[in-house]
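As structure tokens, the structure follows; a few thoughts come after it.
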């Protein structure tokens, strides 16, 4: 069975509505997608770190409850597990505050075995952080050597926009490793000052990675590859929270690659009809995650879409 290997942070999300906390759930950009993939029956390995505290233990238990191994999570003895506060506005979009207290020694873990056509998911500042870079590159080098599919979501927050120039060489390096890049229009605006998907693809992505997906919240999804040039309409749905929307879109795309048995060798000449099915999975996963305060797809949806 093909595996999905994710690397990223774990964080405890406390969600606020009208100034009051209404939910507290384990989260993290890549983590959210990995949980959803585990729920549909994918073979998931997640590489991360957490503190040896109550929050850390809650996150590890949440992973076990969702059928995920904690074998590749480094539990650090000093420092605290990170926490984020997500404040939802009237449109259920979130504004974040992050609280982090990491130790100096980071990500002291053995990497899982990677084989051809496995899928490696990287993203966020975690994939750019100089402190963690050595481990991330080690994983990406193995993925490249083994011909695994590398999926990259920059998930570039406004908090890092002033560092965009400094981080540009690392972003380019990630793009070079990637087989599929998926980001939101906000990500690319904070990274490049651009929102036009065609201009982003032509000027910033295409040279490094031919397969590009740009999402824009409840608006359209833009797909650009060497062979495919399509825009997809996103149906409007009642939304409770958009916290996990992009992360679960990623999970849906990865699910589509597994469900339709799309291999590393197929990506260079994948026909429109296959991309349509894959993008549809992304849209459906994202929509389901927006229906609750959870960061993941529901158990009911997972059961209906079991691999």
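Of the residues 248, 295, 269, which exhibits the maximal mean-square fluctuation in a Gaussian network model of the chain defined by a 10 Å Cα contact cut-off?
269
Suppose each label sits 7 Å from its Cα in the direction of the beta carbon; what would the residue 74-residue 195 distance come out to in nanometres?
Between residue 74 and residue 195, the label points sit 3.9 nm apart.
With viscosity set to 0.692 mPa s and temperature to 37 °C, compute the Stokes-Einstein D of the stretch 149-249, Rh being the Kirkwood radius across alpha carbon pairs; µm²/s, no decimals.
Details: Rh = 14.0 Å.
D, rounded to a whole number, is 234 µm²/s.
How do 285, 16, 76 rank when sorted from fewest to most other Cβ atoms within 10 Å of their own Cβ?
Values: 285 30, 16 16, 76 20.
Ordered from fewest to most neighbouring Cβ atoms within 10 Å, 285, 16, 76 come out as 16, 76, 285.
Counting each DSSP H run of 4 or more residues in the chain as -39500 (n - 2.57), what helix-only mean residue ellipticity at 222 nm follows after dividing by all residues, to the nearest 500 deg cm²/dmol?
One gets -10000 deg cm²/dmol as the mean residue ellipticity at 222 nm.
State the Kirkwood hydrodynamic radius of the stretch 5-58 in Å, one decimal place, computed from all pairs of distinct Cα atoms.
Details: mean 1/r = 0.0815 Å⁻¹.
Here the Kirkwood hydrodynamic radius works out to 12.3 Å.
What is the distance, in nm, between label points placed 7 Å from the Cα along the Cα-to-Cβ direction at residue 131 and at residue 64?
2.7 nm
Only residues of the stretch 16-38 count here: report those whose backbone N is under 20 Å from the spot 7 Å along Cα→Cβ of residue 98, or say none.
Inside the label zone: 16, 24-35.
Rank 43, 89, 179 by mean-square fluctuation in a GNM of the chain with C-alpha springs under 10 angstrom and give only the top-ranked residue.
Between 43, 89, 179, it is 89 that shows the largest mean-square fluctuation.
When N is the residue count of the stretch 17-94, what does its C-alpha Rg come to as a fraction of 2.2 N^0.38 Å?
Values: Rg = 14.0 Å, N = 78, 2.2 N^0.38 = 11.5 Å.
For the stretch 17-94, the normalised Cα radius of gyration comes out at 1.21.
Nearest 0.05, what FRET efficiency do residue 291 and residue 138 give at R0 = 30 Å with Cβ-Cβ as r? Write down the numbers at each step before the final one.
Numbers: r = 38 Å, r/R0 = 1.26.
With a Förster radius of 30 Å, E is 0.20.
Once you keep just the Cα pairs under 8 angstrom separated by 6 or more residues, what percentage relative contact order results for the chain? Walk me through the numbers on the way to the answer.
Numbers: 617 pairs, mean separation 53.6, N = 307.
Dividing the mean separation by the residue count of the chain yields 17 percent.
Along the Cα→Cβ direction, 7 angstrom out, place labels at residue 202 and residue 298. What is the inter-label distance in nm?
Rounded to a tenth, the inter-label distance reads 4.3 nm.
Set the Förster radius R0 to 25 Å, insert the Cβ-Cβ distance between residue 24 and residue 90 as r into 1/(1 + (r/R0)^6), and round the FRET efficiency to 0.05. Write down the numbers at each step before the final one.
Working: r = 22 Å, r/R0 = 0.87.
The formula returns an efficiency of 0.70 here.
Could you tell me the extents of the stretch 3-302's C-alpha atoms along the three principal axes, largest first, rounded to whole Å?
Computed over the stretch 3-302, the largest-to-smallest principal extents equal 49, 44, 40 Å.
Percent antiparallel among DSSP beta bridges with both residues in the stretch 3-302, to the nearest 5?
Working: 22 of 51 bridges.
Antiparallel: roughly 45 percent of the beta bridges in the stretch 3-302.
First measure r as the distance between the Cβ atoms of residue 57 and residue 111, then evaluate 1/(1 + (r/R0)^6) with R0 = 30 Å and state the FRET efficiency to the nearest 0.05. It would help to have the intermediate numbers written out before the result.
Values: r = 24 Å, r/R0 = 0.79.
Efficiency at R0 = 30 Å is approximately 0.80.
A short reminder: the numbers here are calculations on the coordinates, not readings from a lab. Source: prediction; values computed, not measured. Glycine gets a Cβ as well: all are built from the backbone with ideal geometry, and neighbour counts include every protein chain shown.
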